[in-house]
1. Going by average Cβ neighbours within 10 Å, how do the peptides 135-141, 105-111, 94-100 rank, with the highest at the top?
2. Enumerate the calculated ³J(HN,Hα) couplings along segment 36-53 in order (Karplus 6.51 cos²θ - 1.76 cosθ + 1.60, θ = phi - 60°), each rounded to whole Hz, writing x wherever the residue is Gly or Pro.
3. Taking +1 at the Cβ of each Lys and Arg and -1 at the Cβ of each Asp and Glu, which of Val147, Phe89, Gly58 sits farthest along the dipole of the chain towards its positive end, judged by Cα position relative to the Cα centre?
4. Among Met104, Met1, which comes first, second and so on when ranked by fewest other beta-carbon atoms within 10 Å?
5. So for each of 168-181, 53-66 I average, over its residues, the number of other beta carbons within 10 Å; can you give me the resulting order with the highest mean first?
6. Rounded to a whole number, what is D in µm²/s for the chain from Stokes-Einstein with the Kirkwood radius over alpha-carbon pairs (20 °C, 1.002 mPa s)?
7. What angle do you read, to the nearest 10 degrees and between 0 and 90, between the alpha-carbon axis of helix 135-144 and the longest principal axis of the chain?
8. In the chain, what % of DSSP beta bridges are antiparallel (nearest 5)?
Amino acid sequence: MEIQVISSDGQASGSIAVADNVFDREFNEPLVHQAVIAYLAGGRSGTRAQKNRSQVRGGGAKPWRQKGTGRARAGTIRSPLWRGGGVTFAARPQNHTQKLNKKMYRGALCSIFSELRRQNRLIVATELSLDVPRTQQALALLNALGVSPNERVLLVTDSTHPNLELAVRNVFKVSTSTVTSLALPALIGSDKVVVTQAALAQIGEWLS
């Protein structure tokens, strides 16, 4: 199949052939959901930690004798019942990552790109380069590509473009990414995904 390509001035610039198994696949919602959950779980630090009664400093001596004082028995001042004591069920550092096969991850990406194409949310541009990092030029480029300023937009390039990144840094709801650092939540949460022609070829080669 072929996808239409738009130049930086908003004019049609031919089309590019793409693989059907990447951009014309049936949407697999359970697979996409599992991939997104695994992606978000991998971003959790899981570094919270608390001290139990054995890790709190002090409390080695028995505060008073066992019997005869009229008070409840106590063996340490670091009991969870005491102020300054340990935590009953102390939190421990955890690893929240979930295993996701490469084939499943690529399949989820193919489903997302296919759905973006079906919903006309995927725009292929010849290039997204700027001579100078000016926000006005970036807005004019997005306007020429038919992107509304109120839409959440993701710009995908084949390599880093410092001028483009600096130009859209102040624009609300507009973000940039390279093919190697694509994030599943960013793809799903974007109203429009603008991909350069070189990046699209790189995506097709990667996911085929």
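Values quoted throughout were computed directly from the atomic coordinates according to the rules given, and no laboratory measurement underlies them. Values in this document were obtained by computation on a predicted structure and should not be read as measured data. FYI the Cβ positions are ideal-geometry reconstructions off the backbone, even for glycines, and counts take in every protein chain you see.
1. 105-111, 135-141, 94-100
2. Computed from phi, the couplings for segment 36-53 are 5, 4, 5, 5, 5, 5, x, x, 6, 6, x, 9, 5, 8, 9, 9, 8, 5 Hz.
3. The residue sitting most towards the positive pole is Gly58.
4. Neighbour counts put them in this order, fewest first: Met1, Met104.
5. 168-181, 53-66
6. It comes out at roughly 103 µm²/s.
7. Taking the Cα atoms of the chain, the angle to 135-144 is about 60 degrees.
8. 20 percent
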